[in-house]
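Below is one structure, written out as structure tokens; comments come after it.
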Amino acid sequence: MVHEDINNNMILEPGTDLPVRVGTDTPNSKSFVVSVAQDTPAVRVHLVNEGSSAYRMVSAEPNTSFASPDGNALNPTLIFHRGWRYHIWNESWESHPFELWKYRSDGSEVVLLSQEQGGYLEDDPSIDFVGSGKWLVSGDSFLFTMSDSLASELTGYRCSAHRDSMRGDVLIQ
């Protein structure tokens with residue numbers, strides 16, 4: 001069934017994105033074949049901020065076990081799958097840029113991928129990082145593949161502006 005993307009976020013949101021109707025009554029429902037490009041995200045994640053203390057996941061499409069233990073928790077542990085492609089839509093990106101990071105052996109932290117500043121793995125072809133500087137019109141979204149090189153480095157996620165409070169753990173499956 002064809003739906004209109006009411007808020008233009010490229011995510012099907014039942015209840016928000018309504019079926020296109022023929023006339024006034026009948027939803028426009030036709031059978032069709034869809035070809036999905038190889039780099040299409042397997043999971044689209046929608047995040048918002050809770051003040052300057054936490055991220056909250058609004059949704060993950062398709063509805064998978066992306067966050068643990070409770071998808072409504074603040075700064076939930078995010079569960080990534082090796083080889084899957086992710087689209088992160090951070091609604092609060094201007095004040096709370098999202099980034100993936102790792103601990104170094106000396107205890108310091110280093111940015112791997114970021115909405116605000118360059119992370120050192122952003123040019124890794126196996127990750128195929130796409131941020132606002134490449135083809136995305138807005139800085140609110142970015143795409144990446146959870147490659148072996150990213151999975152082996154990744155410690156967690158955080159807000160680049162509020163690194164001590166807006167942060168969470170990740171699990172790699």
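Going by what's in this entry, would residue 98 be described as out of contact with any Gly (no Cβ under 9 Å at 6 or more places or on another chain) and closer than 24 Å to residue 56 by Cβ?
yes
For the stretch 141-165, how many residues meet the condition of being free of Cβ contacts under 8 Å to residues at least 40 places away in the same chain, under 21 Å from residue 52 (Cβ atoms) and outside any loop (DSSP other than H, G, I, E, B)? Outline the logic, then answer.
Restricting attention to the stretch 141-165, the residues satisfying the condition of being free of Cβ contacts under 8 Å to residues at least 40 places away in the same chain are 149, 152, 164.
Those left that are additionally under 21 Å from residue 52 (Cβ atoms): 164.
Checking which are outside any loop (DSSP other than H, G, I, E, B) leaves us with none.
The total comes to 0.
Specify which of the listed residues (107, 168, 83) is part of a loop (DSSP other than H, G, I, E, B), under 21 Å from residue 43 (Cβ atoms) and not hydrophobic (A, V, I, L, M, F, W, C).
Criteria check complete, one pass: 83.
Go through (1) under 19 Å from residue 173 (Cβ atoms); (2) at pLDDT 90 or above; (3) surrounded by fewer than 14 Cβ atoms within 10 Å (Cβ to Cβ) for residue 69 and report which single condition fails.
(2)
The values are calculated or read from the model by the stated rules, or taken from the named source; none is laboratory data. In this text the structure is predicted, and so the values were computed from the model without any measurement. Methodologically, a virtual Cβ is constructed for each residue, glycine included, from the backbone with ideal geometry; neighbour enumeration extends over all protein chains shown.
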